Amino acid sequence: AIKQTEEALREHRNLLLTIADNLPAYIAYVDAETLRYKFANKLFENLGLPRDQIIGKTIKELIGETKYALAFPYLEKVRAGEPTVYENEFHLVNGTRLIQVNYVPEFDEQGRVRGIVVLGRDMTLQKQTERALQESQKLLLLIADNLPAFIAYADAADLRYRFVNKRYEAFGRPRHEIINKTFPEVVGDAGYKFAKPYLEQVFSGRSASYENLFHLTHGDRWIKVNYVPDIDEQRQVRGIVILSYDITQEK
(Lines give C-alpha, C1' and ligand atoms only; values in the text may rest on other atoms or scores of the structure.)
Protein backbone atom coordinates (compact mmCIF):
# COMPACT_ATOMS: atom_id res chain seq x y z
CA ALA A 1 0.00 0.00 0.00
CA ILE A 2 2.86 2.36 0.88
CA LYS A 3 4.60 1.57 -2.41
CA GLN A 4 1.38 2.22 -4.34
CA THR A 5 0.94 5.54 -2.50
CA GLU A 6 4.52 6.55 -3.32
CA GLU A 7 4.03 5.65 -6.99
CA ALA A 8 0.75 7.62 -7.09
CA LEU A 9 2.45 10.64 -5.49
CA ARG A 10 5.37 10.40 -7.91
CA GLU A 11 3.01 10.16 -10.87
CA HIS A 12 1.01 13.12 -9.55
CA ARG A 13 4.21 15.18 -9.09
CA ASN A 14 5.43 14.33 -12.61
CA LEU A 15 2.06 15.33 -14.04
CA LEU A 16 2.10 18.70 -12.25
CA LEU A 17 5.69 19.27 -13.35
CA THR A 18 4.77 18.53 -16.96
CA ILE A 19 1.88 21.00 -16.77
CA ALA A 20 4.04 23.70 -15.15
CA ASP A 21 6.83 23.22 -17.70
CA ASN A 22 4.45 23.64 -20.63
CA LEU A 23 2.58 26.71 -19.46
CA PRO A 24 3.66 30.02 -21.08
CA ALA A 25 4.56 31.52 -17.70
CA TYR A 26 7.38 31.65 -15.18
CA ILE A 27 6.17 29.58 -12.21
CA ALA A 28 8.03 29.19 -8.92
CA TYR A 29 7.58 28.65 -5.20
CA VAL A 30 9.72 30.50 -2.67
CA ASP A 31 10.12 30.03 1.07
CA ALA A 32 8.69 33.17 2.66
CA GLU A 33 11.30 33.38 5.43
CA THR A 34 14.52 32.67 3.49
CA LEU A 35 13.29 33.73 0.04
CA ARG A 36 14.94 30.62 -1.39
CA TYR A 37 13.45 28.85 -4.38
CA LYS A 38 11.90 25.47 -3.58
CA PHE A 39 10.42 25.00 -7.06
CA ALA A 40 10.90 26.59 -10.49
CA ASN A 41 9.52 25.52 -13.85
CA LYS A 42 11.56 25.04 -17.02
CA LEU A 43 11.00 28.61 -18.22
CA PHE A 44 13.05 29.91 -15.26
CA GLU A 45 16.15 28.55 -17.00
CA ASN A 46 15.90 31.63 -19.24
CA LEU A 47 17.51 33.44 -16.31
CA GLY A 48 20.74 31.65 -17.24
CA LEU A 49 20.93 28.67 -14.88
CA PRO A 50 19.64 25.09 -15.11
CA ARG A 51 16.68 24.43 -12.87
CA ASP A 52 18.56 22.26 -10.38
CA GLN A 53 20.95 25.17 -9.72
CA ILE A 54 18.07 27.61 -9.21
CA ILE A 55 16.53 25.49 -6.43
CA GLY A 56 18.03 26.59 -3.11
CA LYS A 57 19.16 30.00 -4.37
CA THR A 58 17.67 33.19 -2.95
CA ILE A 59 15.76 35.65 -5.11
CA LYS A 60 18.64 38.14 -4.73
CA GLU A 61 21.20 35.55 -5.86
CA LEU A 62 19.15 34.72 -8.94
CA ILE A 63 18.04 38.13 -10.20
CA GLY A 64 20.82 40.31 -8.77
CA GLU A 65 20.88 43.16 -6.26
CA THR A 66 19.43 45.85 -8.55
CA LYS A 67 16.38 43.80 -9.56
CA TYR A 68 16.00 42.56 -5.97
CA ALA A 69 15.92 46.13 -4.66
CA LEU A 70 12.95 46.85 -6.94
CA ALA A 71 11.21 43.59 -5.94
CA PHE A 72 11.81 44.00 -2.19
CA PRO A 73 8.80 46.24 -1.30
CA TYR A 74 6.49 43.84 -3.14
CA LEU A 75 8.05 40.88 -1.32
CA GLU A 76 7.44 42.66 1.99
CA LYS A 77 3.78 43.11 1.07
CA VAL A 78 3.31 39.47 0.14
CA ARG A 79 5.07 38.39 3.32
CA ALA A 80 2.42 40.42 5.15
CA GLY A 81 -0.27 38.41 3.35
CA GLU A 82 -1.14 40.73 0.46
CA PRO A 83 -0.88 39.56 -3.20
CA THR A 84 1.22 41.98 -5.24
CA VAL A 85 2.21 42.58 -8.84
CA TYR A 86 4.88 44.65 -10.58
CA GLU A 87 6.70 44.87 -13.92
CA ASN A 88 10.41 45.01 -14.66
CA GLU A 89 12.87 44.29 -17.45
CA PHE A 90 15.01 41.17 -17.07
CA HIS A 91 18.09 40.25 -19.09
CA LEU A 92 17.34 36.68 -20.16
CA VAL A 93 19.09 34.24 -22.45
CA ASN A 94 16.61 35.19 -25.20
CA GLY A 95 17.21 38.92 -24.75
CA THR A 96 15.82 41.69 -22.56
CA ARG A 97 12.17 41.01 -21.77
CA LEU A 98 9.52 42.92 -19.83
CA ILE A 99 8.08 40.55 -17.21
CA GLN A 100 4.99 41.07 -15.09
CA VAL A 101 5.68 39.40 -11.74
CA ASN A 102 2.83 38.27 -9.49
CA TYR A 103 3.46 37.26 -5.87
CA VAL A 104 0.73 35.27 -4.10
CA PRO A 105 1.01 34.32 -0.39
CA GLU A 106 0.56 30.73 0.81
CA PHE A 107 -0.63 30.43 4.40
CA ASP A 108 -0.06 27.70 6.99
CA GLU A 109 -2.69 26.35 9.40
CA GLN A 110 -2.05 29.25 11.80
CA GLY A 111 -2.64 31.83 9.06
CA ARG A 112 1.03 32.78 8.72
CA VAL A 113 2.64 33.23 5.31
CA ARG A 114 4.97 30.29 4.82
CA GLY A 115 5.53 30.50 1.07
CA ILE A 116 5.21 32.71 -1.99
CA VAL A 117 3.84 31.52 -5.30
CA VAL A 118 5.61 33.37 -8.12
CA LEU A 119 3.88 33.78 -11.48
CA GLY A 120 5.66 35.75 -14.20
CA ARG A 121 4.25 36.69 -17.61
CA ASP A 122 6.26 37.98 -20.56
CA MET A 123 4.61 41.30 -21.46
CA THR A 124 7.17 42.38 -24.07
CA LEU A 125 5.07 41.71 -27.17
CA GLN A 126 1.91 43.13 -25.57
CA LYS A 127 3.72 46.34 -24.59
CA GLN A 128 5.26 46.64 -28.05
CA THR A 129 1.80 46.17 -29.59
CA GLU A 130 0.29 48.74 -27.22
CA ARG A 131 3.01 51.25 -28.10
CA ALA A 132 2.51 50.59 -31.82
CA LEU A 133 -1.26 51.10 -31.43
CA GLN A 134 -0.72 54.33 -29.51
CA GLU A 135 1.61 55.61 -32.22
CA SER A 136 -0.94 54.63 -34.90
CA GLN A 137 -3.71 56.40 -33.00
CA LYS A 138 -1.61 59.55 -32.67
CA LEU A 139 -0.82 59.45 -36.38
CA LEU A 140 -4.45 58.89 -37.40
CA LEU A 141 -5.59 61.70 -35.10
CA LEU A 142 -2.96 64.02 -36.56
CA ILE A 143 -4.18 63.18 -40.08
CA ALA A 144 -7.87 63.54 -39.16
CA ASP A 145 -7.27 66.90 -37.46
CA ASN A 146 -5.49 68.33 -40.49
CA LEU A 147 -7.92 67.23 -43.19
CA PRO A 148 -10.28 69.94 -44.53
CA ALA A 149 -13.35 68.01 -43.39
CA PHE A 150 -15.55 67.23 -40.38
CA ILE A 151 -14.78 63.60 -39.47
CA ALA A 152 -16.69 61.64 -36.84
CA TYR A 153 -17.90 58.21 -35.77
CA ALA A 154 -21.15 57.57 -33.90
CA ASP A 155 -22.80 54.51 -32.41
CA ALA A 156 -25.87 53.43 -34.38
CA ALA A 157 -27.74 52.34 -31.24
CA ASP A 158 -27.88 55.69 -29.44
CA LEU A 159 -26.34 58.14 -31.95
CA ARG A 160 -23.60 59.13 -29.52
CA TYR A 161 -20.32 60.42 -30.89
CA ARG A 162 -17.35 58.13 -30.18
CA PHE A 163 -14.84 60.13 -32.20
CA VAL A 164 -14.70 63.63 -33.68
CA ASN A 165 -11.79 65.49 -35.22
CA LYS A 166 -10.66 68.97 -34.18
CA ARG A 167 -12.86 70.68 -36.77
CA TYR A 168 -15.99 69.62 -34.81
CA GLU A 169 -15.12 72.24 -32.18
CA ALA A 170 -16.71 74.72 -34.60
CA PHE A 171 -20.03 73.49 -33.14
CA GLY A 172 -19.16 75.40 -29.97
CA ARG A 173 -17.68 72.78 -27.63
CA PRO A 174 -14.18 71.39 -27.09
CA ARG A 175 -13.70 67.96 -28.60
CA HIS A 176 -13.70 66.06 -25.27
CA GLU A 177 -17.15 67.51 -24.47
CA ILE A 178 -18.59 66.32 -27.79
CA ILE A 179 -17.55 62.70 -27.22
CA ASN A 180 -20.53 60.73 -25.80
CA LYS A 181 -22.96 63.51 -26.69
CA THR A 182 -25.89 62.63 -29.00
CA PHE A 183 -26.62 64.13 -32.42
CA PRO A 184 -29.36 66.49 -31.12
CA GLU A 185 -27.05 67.71 -28.34
CA VAL A 186 -24.36 68.69 -30.86
CA VAL A 187 -26.17 69.76 -34.04
CA GLY A 188 -29.38 70.91 -32.33
CA ASP A 189 -32.95 69.63 -32.61
CA ALA A 190 -33.56 71.28 -35.99
CA GLY A 191 -30.36 69.84 -37.47
CA TYR A 192 -31.23 66.39 -36.10
CA LYS A 193 -34.81 66.56 -37.45
CA PHE A 194 -33.46 67.44 -40.90
CA ALA A 195 -30.95 64.55 -40.76
CA LYS A 196 -33.42 61.91 -39.52
CA PRO A 197 -34.57 60.50 -42.90
CA TYR A 198 -30.93 60.18 -44.00
CA LEU A 199 -30.08 58.44 -40.74
CA GLU A 200 -32.93 55.99 -41.37
CA GLN A 201 -31.37 55.27 -44.75
CA VAL A 202 -27.97 54.56 -43.22
CA PHE A 203 -29.59 52.35 -40.56
CA SER A 204 -30.82 50.15 -43.41
CA GLY A 205 -27.22 49.67 -44.54
CA ARG A 206 -27.01 52.27 -47.31
CA SER A 207 -24.84 55.36 -47.51
CA ALA A 208 -26.62 58.71 -47.46
CA SER A 209 -25.73 62.36 -48.04
CA TYR A 210 -27.44 65.74 -47.75
CA GLU A 211 -26.74 69.47 -47.50
CA ASN A 212 -27.87 71.78 -44.73
CA LEU A 213 -27.08 75.12 -43.12
CA PHE A 214 -25.38 74.86 -39.70
CA HIS A 215 -24.78 77.58 -37.10
CA LEU A 216 -21.05 77.33 -36.28
CA THR A 217 -18.78 79.48 -34.15
CA HIS A 218 -17.44 81.26 -37.26
CA GLY A 219 -20.90 81.91 -38.73
CA ASP A 220 -23.58 80.08 -40.68
CA ARG A 221 -22.04 77.54 -43.06
CA TRP A 222 -23.44 75.21 -45.68
CA ILE A 223 -22.22 71.69 -44.95
CA LYS A 224 -22.49 68.59 -47.12
CA VAL A 225 -22.89 65.60 -44.78
CA ASN A 226 -22.03 62.04 -45.82
CA TYR A 227 -23.09 59.02 -43.74
CA VAL A 228 -21.45 55.62 -44.31
CA PRO A 229 -22.70 52.58 -42.35
CA ASP A 230 -20.21 50.49 -40.35
CA ILE A 231 -21.53 46.94 -40.67
CA ASP A 232 -20.51 44.10 -38.32
CA GLU A 233 -20.04 40.39 -39.07
CA GLN A 234 -23.78 39.75 -38.54
CA ARG A 235 -24.60 42.36 -41.21
CA GLN A 236 -25.94 44.72 -38.56
CA VAL A 237 -25.19 48.45 -38.64
CA ARG A 238 -23.17 49.12 -35.50
CA GLY A 239 -21.95 52.62 -36.27
CA ILE A 240 -21.92 55.55 -38.66
CA VAL A 241 -18.84 57.08 -40.25
CA ILE A 242 -19.51 60.78 -40.86
CA LEU A 243 -17.54 62.78 -43.40
CA SER A 244 -18.71 66.36 -43.99
CA TYR A 245 -17.42 69.28 -46.07
CA ASP A 246 -17.96 73.04 -45.90
CA ILE A 247 -19.51 73.94 -49.29
CA THR A 248 -20.43 77.55 -48.44
CA GLN A 249 -18.13 78.98 -51.10
CA GLU A 250 -19.58 76.73 -53.78
CA LYS A 251 -23.11 77.73 -52.70
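The values are calculated or read from the model by the stated rules, or taken from the named source; none is laboratory data. All values derive from a computational prediction rather than experimental measurement. Note that we place each Cβ from the backbone using ideal geometry, even for glycine, and neighbour counts take in every protein chain shown. Quick note on the areas: whole protein, heavy atoms, side chains included, nothing else; ligands and nucleic acids left out. Shrake-Rupley method; radii C 1.70, N 1.55, O 1.52, S 1.80 Å.
Here the average projected area of the convex hull drawn through the C-alpha atoms of the chain stands at 22.5 nm². Computed over region 51-207, relative contact order equals 10 percent, with contacts defined as Cα pairs under 8 Å that lie 6+ residues apart. Ligands, DNA and RNA left out, the 1.4 Å accessible surface of the chain is 53% carbon and sulfur atoms.
Can you give the calculated 222 nm mean residue ellipticity of the chain, where each DSSP H run of n ≥ 4 adds -39,500 (n - 2.57) and the sum is split over every residue, rounded to the nearest 500 deg cm²/dmol?
Dividing the helical sum by the residues of the chain leaves -12000 deg cm²/dmol.
Shape class for region 1-113: oblate, because the ratio a/c of the largest to smallest gyration tensor axis (alpha-carbon atoms, square roots of eigenvalues) is 1.5 or more and b/c is at least a/b.
For residue 216, the residues whose modelled amide H falls within less than 5 Å of its own, excluding neighbours fewer than 5 places apart on the same chain, are 221. Placing R0 at 22 angstrom, the Cβ-Cβ distance between residue 89 and residue 61 gives a FRET efficiency of 0.70 after rounding to 0.05. Taking the longest Cα principal axis of the chain as reference, the axis of helix 65-79 is set at about 90 degrees. The stretch between residue 82 and residue 203 holds 38.4 nm of extra length on full extension. This uses 0.36 nm per residue minus the Cα-Cα distance. Once you sort the root eigenvalues of the Cα gyration tensor of region 126-251 as a ≥ b ≥ c, which label holds: rounded (a/c under 1.5), prolate (a/b larger than b/c) or oblate (the other case)? Since a/c reaches 1.5 but b/c is at least a/b, the shape of region 126-251 is classed as oblate.
Full extension of the chain segment joining residue 210 with residue 153 gains 18.8 nm, where the gain is 0.36 nm per residue of separation less the Cα-Cα distance. Electrostatic bookkeeping for residue 39 treats Lys and Arg as +1 and Asp and Glu as -1; over the other residues with beta carbon under 15 Å from its beta carbon, the sum is +2. Here region 15-99 is treated with +1 on each Lys and Arg Cβ and -1 on each Asp and Glu Cβ, and its dipole about the Cα centre works out to around 80 debye.
Sort 108-115, 201-208 by the packing proxy (mean of other Cβ within 10 Å over each peptide's residues), most packed first.
Working: 108-115: 11.0, 201-208: 15.0.
Put in order of decreasing packing, that is 201-208, 108-115.
For residue 129 and residue 217, the difference between the fully extended length at 0.36 nm per residue and the C-alpha to C-alpha distance is 27.7 nm.
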